[in-house]
1. Pairs needed: first member in segment 121-141, farther than 13 Å from residue 221 by Cα; second member anywhere, in a loop (DSSP other than H, G, I, E, B); C-beta distance under 6 Å; at least 6 residues apart or different chains.
2. So which residues in segment 25-36 are without any contact (Cβ under 8 Å) to a residue 40 or more places away in the chain and assigned to a helix (DSSP H, G or I), if there are any at all?
3. Do we find a residue being farther than 17 Å from residue 47 by Cα, surrounded by 20 or more Cβ atoms within 10 Å (Cβ to Cβ), touching a helix residue (DSSP H, G or I) at 6+ places or on another chain (Cβ under 9 Å) and modelled with pLDDT of 95 or more anywhere in segment 168-179?
4. When residues of segment 211-242 are filtered for being more than 30 Å from residue 115 (Cβ to Cβ), exposed (fewer than 15 other Cβ atoms within 10 Å of the Cβ) and touching a residue at least 60 places away in the same chain (Cβ under 8 Å), how many remain?
5. Go through segment 61-105 and count every residue that is without any contact (Cβ under 8 Å) to a residue 12 or more places away in the chain, out of contact with any helix residue (DSSP H, G or I) (no Cβ under 6 Å at 6 or more places or on another chain) and over 30 Å from residue 28 (Cα atoms).
6. Which of the residues spanning segment 185-210 are assigned to a helix (DSSP H, G or I) and buried (at least 19 other Cβ atoms within 10 Å of the Cβ)?
7. State which residue is surrounded by the fewest Cβ atoms within 10 Å (Cβ to Cβ) when the search covers only segment 99-110 and only residues that are over 25 Å from the mean Cα position of the chain (by Cα) and more than 12 Å from residue 212 (Cβ to Cβ).
8. Criterion first (part of a helix (DSSP H, G or I), more than 12 Å from the chain's Cα centre (by Cα) and free of Cβ contacts under 8 Å to residues at least 40 places away in the same chain) does residue 22 satisfy it?
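The values are calculated or read from the model by the stated rules, or taken from the named source; none is laboratory data. Predicted model, so just to flag it, every value in this text is computed and none were measured. Methodologically, a virtual Cβ is constructed for each residue, glycine included, from the backbone with ideal geometry; neighbour enumeration extends over all protein chains shown.
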């Protein structure tokens with residue numbers, strides 16, 4: 001696969017499984033209805049694992065514009081590739097959201113709180129406060145990127161020979177996303193990824209879903225700008241201070 005295709009397919013699977021668990025937990029009449037936060041955060045972490053396993057061998061599996069931008073700021077990734085990666089990520093997120101709707105369309109058609117239907121596509125704050133919501137997304141993404149910068153290759157022996165772990169190499173980011181969701185996700189739903197939030201939000205606006213919420217123009221920019229800001233701060237701290 002090309003970088004573009006790998007980011008598209010990897011992000012699509014991540015969103016299908018990640019937003020899919022939200023749909024399963026919140027929509028009426030599903031087998032998983034009422035499963036709760038532990039189910040959502042666990043499945044989201046495993047969704048990231050699936051996406052990374054697919055895209056990792058081809059593109060490095062950024063699956064997140066904030067990751068691509070942070071790596072470019074830190075000099076670990078070419079700026080020329082950023083638009084290609086971001087395009088793949090956004091289109092993959094939209095495709096994944098469409099598949100979630102296709103999978104659960106009978107449940108989306110049921111009478112339910114419009115906010116619950118929206119939750120299966122994009123995030124929303126538990127308490128609406130622009131500054132606090134922005135800070136929440138900034139901190140969550142800062143943690144994501146800062147820890148990713150400190151991931152190391154498995155090594156063996158005194159000569160530190162690298163050991164290829166194959167798909168197991170996706171486990172660290174899986175646990176990282178899991179703990180961010182458990183610890184920091186309760187305020188805004190931890191988008192920590194502009195493509196993950198905006199792509200499905202656009203699909204929610206386009207798809208024929210009865211009794212759905214509006215695009216939420218007053219909030220939609222926060223899960224886009226705040227993660228990029230947090231990622232940039234993490235990259236600059238790592239680059240300039242070696243922390």
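1. If the second residue must be in a loop (DSSP other than H, G, I, E, B), the pairs left are 126/187; 136/187; 136/188; 140/190; 140/192; 141/192.
2. Here is the first cut: in segment 25-36, the residues without any contact (Cβ under 8 Å) to a residue 40 or more places away in the chain are 25, 31-36.
Listed by number, the list holds a single entry, 25.
3. In the first step, residues of segment 168-179 are kept if they are farther than 17 Å from residue 47 by Cα; the result is none.
Looking for residues that are farther than 17 Å from residue 47 by Cα, surrounded by 20 or more Cβ atoms within 10 Å (Cβ to Cβ), touching a helix residue (DSSP H, G or I) at 6+ places or on another chain (Cβ under 9 Å) and modelled with pLDDT of 95 or more, one finds none in segment 168-179, hence no.
4. Here is the first cut: in segment 211-242, the residues more than 30 Å from residue 115 (Cβ to Cβ) are 232-242.
From what's left, exposed (fewer than 15 other Cβ atoms within 10 Å of the Cβ): 236, 240-242.
The next check asks that each one be touching a residue at least 60 places away in the same chain (Cβ under 8 Å); those that pass are 236.
Of the residues in that region, 1 qualify.
5. Selection size over segment 61-105: 4.
6. Residues of segment 185-210 assigned to a helix (DSSP H, G or I): 194-206.
Listed by number, the residues that qualify are 194, 195, 196, 197, 198, 199, 200, 201, 203, 204.
7. Filtering segment 99-110 for residues over 25 Å from the mean Cα position of the chain (by Cα) gives 106, 109-110.
The next check asks that each one be more than 12 Å from residue 212 (Cβ to Cβ); those that pass are 106, 110.
Working: 106: 10, 110: 14.
Per the criteria, the residue is 106.
8. Working: part of a helix (DSSP H, G or I): yes; more than 12 Å from the chain's Cα centre (by Cα): yes; free of Cβ contacts under 8 Å to residues at least 40 places away in the same chain: no.
So residue 22 does not fit the description; no.
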